[in-house]
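Heads up: the structure comes next, in structure tokens.
The values are calculated or read from the model by the stated rules, or taken from the named source; none is laboratory data. Small disclaimer: the values here were computed from a predicted structure and weren't measured. Reconstructed Cβ throughout: ideal geometry from the backbone, glycine too, with neighbour counts over all protein chains shown.
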Ligand code: AMP
């Protein structure tokens, strides 16, 4: 069974994001970019399934600019067997990514697609759900445990106030939550090995997909600045301020 793992190149989670001067996007020039953290968890999960002998091949996929090749090399250094880059400089919205992934799903016929639950740049949390709808396949989002058998997968999901376990027939779509696993460190020998692995490069037109955007970003703004704190002389003043100024007690 093949597993397809879509990985997105995003601004590194340690970077303080700044709004561009045009007010409709964030500045990514000279900013450290990395694999979306939820996608690292997805790659790790797919590799663990292969190590258990339940999966034969793990294919990492990224859609975007040429530099996404670095993200795919990281996925292969974690352990993915090969990679596919769908290269485009167009801005890709979740529906366009889902259509590209559907075309790759039809081409590769994987038993599972494991995506991140959301990309930390635009926080859309849409691609996995849209892919499941386009492919007409069962989906389990926010997975915190995955148990695969020959013809089904059992997924424990984090839901408000507890956990829910679902059994899905294969093929199926899963999106990962933070507690699913802890991705392994990438070792130097594996980075070297990853350089020799196969990376196929396609254009959206090769897959017959129109990636035109249907949504327009009107405005992006930074959160309001927090005002400086103050020191209070005693507990009585603190209680009075919490009661009368902040109105939280
Ligand atoms: P989103 O719906 O944008 O929050 O993204 C959810 C998940 O979809 C991500 O964690 C990735 O697994 C996948 N994804 C989104 N955009 C891309 C992309 N451009 N290339 C590959 N995978 C993507």
Applying the selection to the range 148-169, what residues are modelled with pLDDT of 95 or more and under 20 Å from residue 127 (Cβ atoms)? 153, 155, 157, 166, 168
Selection status of residue 20, at pLDDT 95 or above, over 16 Å from the mean Cα position of the chain (by Cα) and away from the ligand (no atom under 15 Å from the Cβ): no
Sort out which residues of the range 194-218 are within 20 Å of residue 126 (Cα to Cα) and part of a loop (DSSP other than H, G, I, E, B), and write them in order of number. 209, 210, 211, 212, 213, 214, 215, 216, 217, 218
Taking residue 183 as the residue in question, decide whether it is out of contact with any helix residue (DSSP H, G or I) (no Cβ under 9 Å at 6 or more places or on another chain) and not in a strand (DSSP E or B). no
Residues of the range 194-249 satisfying the condition of being surrounded by 13 or more Cβ atoms within 10 Å (Cβ to Cβ), farther than 26 Å from residue 101 by Cα and in contact (Cβ under 8 Å) with a residue 40 or more places away in the chain: 220
Residue check, residue 34 within 28 Å of residue 157 (Cα to Cα), away from the ligand (no atom under 12 Å from the Cβ) and in a strand (DSSP E or B): yes
Just to be sure before I move on: is residue 101 closer than 20 Å to residue 10 by Cβ and in contact with a helix residue (DSSP H, G or I) (Cβ under 7 Å, 6 or more places away or on another chain) in the structure I sent? yes
Would you call residue 67 within 14 Å of the ligand (Cβ to nearest atom) and buried (at least 17 other Cβ atoms within 10 Å of the Cβ)? no
Does residue 53 qualify as being more than 12 Å from the ligand (Cβ to nearest atom), over 14 Å from the mean Cα position of the chain (by Cα) and under 24 Å from residue 168 (Cα atoms)? yes
Can you report the number of residues in the range 75-92 which are within 19 Å of residue 188 (Cβ to Cβ), touching a strand residue (DSSP E or B) at 6+ places or on another chain (Cβ under 8 Å) and surrounded by fewer than 24 Cβ atoms within 10 Å (Cβ to Cβ)? 1
Unique match (being farther than 21 Å from residue 215 by Cβ, within 9 Å of the ligand (Cβ to nearest atom) and within 17 Å of the chain's Cα centre (by Cα)) among 10, 43, 61, 3: 61
